[in-house]
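Student: Please see the structure below; I have some questions.
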């Protein structure tokens, strides 16, 4: 992700801010301009709870180049307790313990860096709740 774009998105990512449609109440994370449920265009910003559950996951063993040093790693579709679904990397997991329906919480973590002298990109990762 380009540095300027990442910088603009940090406030939302740090605070886990979602857009809630004022017409139907559907939560969207990240925020969007049009609600996919009712086509409404008015939203209010609310902070999401940081807990949810894994709907499905996969383990990446042959990763793309930026993540080659992290293999194997897990990526999951997580349904947050407030309703939004998001795709995110899973941190602090053990392959034999990861399962569908497992409770997770979002944490702000390092995602990747652009070389040794480049910027470090941060974002959210799901961490299994024990």
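Student: Measure off 7 Å from each Cα along the Cα-to-Cβ vector at residue 120 and residue 87, then give the distance between these two points in nanometres to one decimal.
Tutor: 2.6 nm
Student: Taking only DSSP H segments of four or more residues, each worth -39500 (n - 2.57), what value at 222 nm results for the chain once the sum is divided by all its residues, to the nearest 500 deg cm²/dmol? Provide the component values of the computation, followed by the final result.
Tutor: Working: 1 runs with 13 residues, N = 130.
About -3000 deg cm²/dmol.
Student: Write down the Å³ per residue value for the convex hull defined by the alpha carbon atoms of the chain. Walk me through the intermediate numbers first.
Tutor: Values: hull volume 15.5 nm³, N = 130.
Spread over its residues, the Cα hull of the chain gives 119 Å³ apiece.
Student: What is the Rg over Rh value, at two decimals, for region 67-118, using alpha-carbon atoms and the Kirkwood definition of Rh? Working shown, then result.
Tutor: Working: Rg = 13.1 Å, Rh = 13.0 Å.
Rg/Rh: 1.01.
Student: OK, next. Roughly what would the spin-label model give for residue 49 and residue 4, points 7 Å off Cα along C-beta, in nm?
Tutor: It works out to 3.9 nm between the two label points.
Student: Now a separate question. Within 10 Å, count the other beta carbons around each residue, average over each peptide in 37-45, 63-71, and list them highest first.
Tutor: Values: 37-45: 12.6, 63-71: 10.6.
By packing density, highest mean first, the sequence is 37-45, 63-71.
Student: Helix 3-15: angle to the longest alpha-carbon principal axis of the chain, degrees 0 to 90, nearest 10?
Tutor: 70 degrees
Student: For the pair residue 61 and residue 129, what calculated FRET efficiency results from E = 1/(1 + (r/R0)^6), where r is the Cβ-Cβ distance and R0 = 30 Å, to the nearest 0.05?
Tutor: Numbers: r = 25 Å, r/R0 = 0.84.
Approximately 0.75, to the nearest 0.05.
No value in this document is a laboratory result; all are computed from the given coordinates. Note that the structure is predicted; figures quoted are calculated from it, not measured. Ideal geometry is used to build each Cβ from the backbone, glycine not excepted, and the neighbour counts take in all protein chains shown.
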